[in-house]
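A quick write-up on the structure given underneath.
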Amino acid sequence: MHLVVLPCRINFYTMIEANDTPTLRVLPGGRRDQRDCDRRAGAAAGPRGSALGSALEECVVSRAAVRAGDRHEPWTLPVGGALAAVADAAATAGVEFELAVRLCAEAALVRDDLRAVGAGVGALDALAGAAVVATRVDASDCAYLRRLTRRGAQERRTLGDAVIVGLPARLSARLLAVDVDDLLANADVESALAWEIAAVLDGRTISEWAPLAALRALATTPSSS
């Protein structure tokens, strides 16, 4: 069952059943030369785009590792040191590579936004670590939280010249304005996972939770006289 078919992209999503467990699989499409398409198809002009003509391996992601309600768009990203580091950290943390990329990308965008307005982010890791269930959590979010917290051994993703990842469509405009490899240069998978857990427990996304948490921290900080 095709979920998304984009004529100017090189990828599309299909749902498959593997061992009775629903999963999300990203498959390369029929067109290889997409340099005239937008960056969400991974077709950046110049040297960075030249490596994208090589064959890409399919990416299979458990539905439990995808946040309910998020619509994802396929991005083809050239592999650099940042993505390789995320792959290593994801395997160590026991989560899927694509999940780690999604969370690290959103957390990095939020960090940049907060720093741009002079807001501190130092307290957010501590706040995320102290997050507890304060509201009712629906079944889909419960399944997602189990995936975020009950981690097992995860084989390191083998990366080639480029990888296909699904990134939330709600972030597309912001991601188009940055270099994703640069964005992930200082990615912290464990921190991003903690932020996502805190956000889900608060009924929000990372993009919603982090600014509110920063404001709450600021409001409870005694002012110097």
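For the pair the range 177-207 / the range 79-112, the C-alpha centres are spaced 9 Å from each other. In this structure, the amide hydrogen of ALA162, modeled 1.01 Å from its nitrogen in the peptide plane, lies closer than 5 angstrom to those of VAL79, counting only residues at least 5 positions away or on a different chain. A simple spin-label model places the labels of LEU218 and ARG170 2.2 nm from each other, with each point 7 Å out along Cα-to-Cβ. Remark: the range 199-213, residue by residue, has Karplus-estimated 3J(HN,Hα) of 5, 4, 5, 8, x, 9, 8, 4, 4, 8, 5, 4, x, 5, 5 Hz, where x stands for each Gly or Pro and the curve is 6.51 cos²θ - 1.76 cosθ + 1.60 at θ = phi - 60°.
Note that the range 148-156 has calculated 3J(HN,Hα) couplings of 6, 10, 9, 9, x, 4, 10, 6, 5 Hz, one per residue in order, obtained from phi through the Karplus relation 6.51 cos²θ - 1.76 cosθ + 1.60 (θ = phi - 60°); glycine and proline are x.
Using heavy atoms of the protein chains and a probe of 1.4 Å, the accessible area assigned to TRP209 is about 10 Å². The H on the amide N of GLN154, modeled in the peptide plane, is under 5 Å from the matching H of GLY94, each at least 5 residues off or on a different chain. Residue by residue, the range 172-183 carries 3J(HN,Hα) couplings of 4, 4, 6, 5, 5, 8, 10, 8, 4, 5, 5, 4 Hz when phi is fed to the Karplus relation 6.51 cos²θ - 1.76 cosθ + 1.60 (θ = phi - 60°); x denotes Gly or Pro.
The values are calculated or read from the model by the stated rules, or taken from the named source; none is laboratory data. In this text, all values refer to a predicted model and were calculated from it rather than measured experimentally. Here Cβ is always computed from backbone atoms with ideal geometry, including for glycine, and neighbour counts include all displayed protein chains. All accessible areas refer to the heavy atoms of the entire protein, side chains included, with ligands and DNA or RNA removed. Shrake-Rupley method; radii C 1.70, N 1.55, O 1.52, S 1.80 Å.
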